[in-house]
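Asks: Below: one structure in structure tokens.
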Amino acid sequence: MKKLLVIPLLALCSSLFAQKFQFGLKGGVNISNFSGLNWENADTKARVGFLGGAFINFMLGDNFSITPEALFSSQGAKVSQAGNEQNLKVSYVSVPVLAKYRFNGGFYIEAGPQVSFKVNENTDNLPIDAFARNLDLAIDAGLGYHSDMGLGIGARYVAGLSKVGDFDSGTFDPDFKNDVAQIFVFYTLFNNRK
């Protein structure tokens, strides 16, 4: 009986170790803003921030893969109100899990959900104790090019699904969302296993 259980277990383990994958590092820029910001006499401008981290690309066939990532993402916006401009910065550790389809020429498209955890905020002396919630949910979609030698470039749009604000103020409405465009370069290892 034990031998009958060992055979399927060995088959499962060998298939996991034979899984085709790539490990990669990426870095780039975020161009972020707040969508739905409804503060009296306030205008928002995009803020440029840093994006960087690592990912694993699990290959499921020749063209399809699932890619979980762990990224540091500096986001926010510049808000002008009554002649004063405030640089509102929120830093997250973002974990997108993307379904990716790679065409035969190296170009790819990707999409999937993302969860982000706040690690820091700088609200430029805004009279609010806590500006952003600790958890942010989003949906990602992007495209790019990945060469056979492992070097690649990509662009992605991150549309916030949950409200950012974590405050109760009669002056400021907390119901606004993150809106981020990302441009990045990346490099993968184990390209012979793709």
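Values in this text are rule-based calculations from the coordinates and carry no lab data. Small disclaimer: the values here were computed from a predicted structure and weren't measured. Glycine also receives a Cβ, built like all others from the backbone with ideal geometry; neighbour counts cover every protein chain displayed.
Asks: Could you sort the peptides 20-26, 74-80, 61-67 by per-residue average Cβ neighbour count (10 Å cutoff), highest mean leading? Write out the running numbers ahead of the final one.
Replies: On the way: 20-26: 17.1, 74-80: 22.3, 61-67: 14.3.
Going by the mean number of other Cβ atoms within 10 Å, highest first, we get 74-80, 20-26, 61-67.
Asks: Once phi is turned into ³J(HN,Hα) by the Karplus curve 6.51 cos²θ - 1.76 cosθ + 1.60 with θ = phi - 60°, what whole-Hz value does each residue of the stretch 148-164 show in order, with x for glycine and proline?
Replies: 5, 7, x, 7, x, 9, x, 9, 8, 10, 10, 9, x, 10, 10, 6, 7
Asks: What is the sum of charges around ALA141, taking Lys and Arg as +1, Asp and Glu as -1, for the other residues whose C-beta is under 15 Å from the C-beta of ALA141? List each step's numbers first, then the result.
Replies: On the way: positive: LYS100, ARG156; negative: GLU69, GLU110, ASP140, ASP179.
That works out to -2.
Asks: Given points 7 Å out from each Cα along the Cα-Cβ axis, report the GLN81 to VAL93 separation in nanometres with one decimal.
Replies: Going by the 7 Å Cα→Cβ label model, 3.1 nm.
Asks: Using label points projected 7 Å from each Cα along Cα→Cβ, tell me how many nm separate ASN122 and ASP148, to one decimal.
Replies: 4.5 nm
Asks: On a 25 Å Cα-Cα criterion, which of the cross-link pairs LYS78/LYS118; LYS26/LYS89; LYS20/LYS118; LYS89/LYS177; LYS45/LYS163; LYS20/LYS177 come out too long?
Replies: Numbers: LYS78/LYS118 18 Å; LYS26/LYS89 21 Å; LYS20/LYS118 32 Å; LYS89/LYS177 13 Å; LYS45/LYS163 18 Å; LYS20/LYS177 37 Å.
Flagged as over cut-off: LYS20/LYS118; LYS20/LYS177.
Asks: Provide the per-residue ³J(HN,Hα) series for the stretch 25-34, in order, calculated from phi with Karplus coefficients 6.51, -1.76, 1.60 and θ = phi - 60°, each as a whole number of Hz, with x at glycine and proline positions.
Replies: 10, 9, x, x, 10, 9, 10, 10, 7, 10
Asks: For the stretch 21-193, compute Rg over Rh where Rg is the Cα radius of gyration and Rh is the Kirkwood radius from the inverse mean 1/r over Cα pairs. List each step's numbers first, then the result.
Replies: Details: Rg = 17.6 Å, Rh = 16.9 Å.
Looking at the stretch 21-193, the ratio lands at 1.04.
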